[in-house]
Amino acid sequence: MDIPLRVLVLEDDANDAELVMRELGRTGYKTQWHRVDNRTDFQRYLANGWDIVLADYKVPGFSVEEALQMLSGLNLDIPLIVMSGAVEEEVIVQLMKKGASDYLLKDRLARLGTAISHALEEKRLRAE
């Protein structure tokens, strides 16, 4: 069963974005997605009705913290899941406090489908 999902991917490496989306396709989601790699494009594409944002922790010139602030400042309830190679645990905790829905290591994406399902369920509950 294919579950439709619109994904905005904040990622500076096109190959990493392709790998993540390929993995997501294995989890039962039928995705429509777009990759951005800077603040201007991220802000421009936010208005396109995305279900979720998958964000690389390190995008040159634009931080995940700024992306979270932008979502909040625009009053957009779009879950954001952070992906990275490696980040200290205290950084992850701070990102979660600032509004990130989850955190995944790029080399351990087996949890991606579950993380997205959980983030979307939390959004649904907030809407109720």
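The values are calculated or read from the model by the stated rules, or taken from the named source; none is laboratory data. Because the structure is a prediction, the values reported are computed rather than measured. Just so you know, the surface numbers come from the protein's heavy atoms only, side chains and all, with ligands and any DNA or RNA stripped out. Shrake-Rupley method; radii C 1.70, N 1.55, O 1.52, S 1.80 Å.
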Exercise. With the other protein chains left in place, how much accessible area per residue, in square angstrom, belongs to the chain at a 1.4 angstrom probe?
Worked result: 56 Å²
For this session: Report, in whole Å, the centroid distance computed from the Cα atoms of the range 1-22 and the range 100-128.
Result: 14 Å
For this session: For TRP33, list long-range residues whose amide hydrogen, built 1.01 Å from N in the peptide plane, is under 5 Å from its own amide hydrogen.
Result: VAL7
Seminar exercise, completed: Expected vector for the range 31-48, Karplus 3J(HN,Hα) from phi with 6.51, -1.76, 1.60 and θ = phi - 60°, integer Hz, x for Gly and Pro, equals 9, 10, 9, 9, 9, 10, 9, 7, 4, 4, 5, 4, 5, 4, 7, 4, 6, 8
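If you restrict to DSSP beta bridges whose two residues both lie in the chain, what percentage is antiparallel, to the nearest 5?
Here the antiparallel bridges make up roughly 10 percent for the chain.
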Seminar exercise, completed: For the range 72-89, Karplus-derived ³J(HN,Hα) couplings (6.51, -1.76, 1.60; θ = phi - 60°; whole Hz; x for glycine and proline) come out as 5, x, 8, 6, 9, 8, 10, x, 10, 10, 8, 10, 7, x, 6, 9, 5, 4
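Hey, any idea what % of the range 1-99's accessible area is carbon plus sulfur with a 1.4 Å probe?
Solvent-exposed carbon and sulfur of the range 1-99 make up 46 percent of the total.
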Seminar exercise, completed: Over 21 Å (Cα to Cα) among LYS58/LYS123; LYS30/LYS97; LYS97/LYS123; LYS30/LYS58 -> LYS58/LYS123; LYS30/LYS97; LYS30/LYS58
For this session: For TYR103, TYR45, give the ranking by accessible area with the largest first, probe 1.4 Å.
Result: TYR45, TYR103
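Stretched out fully, how many nm does the piece from SER117 to ARG39 gain, at 0.36 nm a residue minus the Cα gap?
25.4 nm
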For this session: Work out from phi, with θ = phi - 60° and the Karplus expression 6.51 cos²θ - 1.76 cosθ + 1.60, the ³J(HN,Hα) of each residue of the range 56-65, listed in order in whole Hz, and give x for Gly and Pro.
Result: 5, 5, 10, 10, x, x, 7, 9, 4, 4
